[in-house]
Amino acid sequence: MGQYIPYTTIKDNGDVYKHTSEYDGSQVGYVKGSSIYNLRHDYLGYAGTDGKVYKNYGSYDDRCVGWVDSTGNVYNKAGNTVFKTTKGVVGAAAYLLLVYLGGVR
């Protein structure tokens, strides 16, 4: 049996769920507009209009954590494909900020 790769789903109400196995999914945060929050209501960052994902913390020049291309491939800051989304830059932001980077400030 192979390793299960975590992924996210976004409900219509903005709730974001992380799935870590075929049978396990738990809420890890929510989307409000293009902004991403964890369950403690900490603002983690946002989905930019340029297709890039920005974190809320760190130095200004170091805030971009990844991006999404027109086919839904999500890339980390190093340019490696880490996820595939059907939710555009908001889906990329939810995955990068809540799962890939751990959802903490």
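The figures follow:
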| read-out | value |
| --- | --- |
| Qualifying residues in region 74-90 (those that are assigned to a strand (DSSP E or B) and without any contact (Cβ under 8 Å) to a residue 12 or more places away in the chain) - the one farthest from the chain's Cα centre (by Cα) | Thr81 |
| Residues within region 27-63 that are more than 17 Å from Val99 (Cβ to Cβ) and of a type in the set (S, T, N, Q), tallied | 3 |
| Gly102 being without any contact (Cβ under 8 Å) to a residue 60 or more places away in the chain, assigned to a loop (DSSP other than H, G, I, E, B) and under 11 Å from the mean Cα position of the chain (by Cα) | yes |
| Failed item, numbered, when Asp12 is tested on (1) touching a Phe, Trp or Tyr at 6+ places or on another chain (Cβ under 9 Å); (2) part of a loop (DSSP other than H, G, I, E, B) | (1) |
| Enumeration of residues in region 47-59 that are modelled with pLDDT of 95 or more and either of a type in the set (Val, Ile, Thr) or exposed (fewer than 14 other Cβ atoms within 10 Å of the Cβ) (or both) | Thr49, Asp50, Val53 |
| Failed criterion for Leu44 (all others in (1) open to solvent by 70 Å² or more (accessible area, probe 1.4 Å); (2) part of a strand (DSSP E or B) hold) | (1) |
| Evaluation of Ile5 against (1) of a type in the set (A, V, I, L, M); (2) in a loop (DSSP other than H, G, I, E, B); (3) surrounded by 15 or more Cβ atoms within 10 Å (Cβ to Cβ) (one fails), failing number | (3) |
| First in region 43-71 and over 17 Å from Val31 (Cα atoms), second anywhere and acidic (Asp, Glu) and part of a strand (DSSP E or B), Cβ under 8 Å, 6 or more apart | none |
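Quick grid of which residues meet (1) surrounded by 21 or more Cβ atoms within 10 Å (Cβ to Cβ); (2) in contact with a strand residue (DSSP E or B) (Cβ under 8 Å, 6 or more places away or on another chain); (3) acidic (Asp, Glu):
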| site | (1), (2), (3) |
| --- | --- |
| Asp61 | no, no, yes |
| Gly66 | yes, yes, no |
| Val74 | yes, yes, no |
| Ala78 | no, no, no |
| Gly88 | no, yes, no |
| Ala94 | yes, yes, no |
| Tyr100 | no, yes, no |
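The values are calculated or read from the model by the stated rules, or taken from the named source; none is laboratory data. Given the structure is predicted, the values throughout are model-derived calculations rather than measurements. Positions of Cβ are generated from backbone atoms using ideal geometry, with glycine treated the same way; all protein chains shown enter the neighbour counts. The area values use the complete protein model at the heavy-atom level, side chains included, leaving out ligands, DNA and RNA. Shrake-Rupley method; radii C 1.70, N 1.55, O 1.52, S 1.80 Å.
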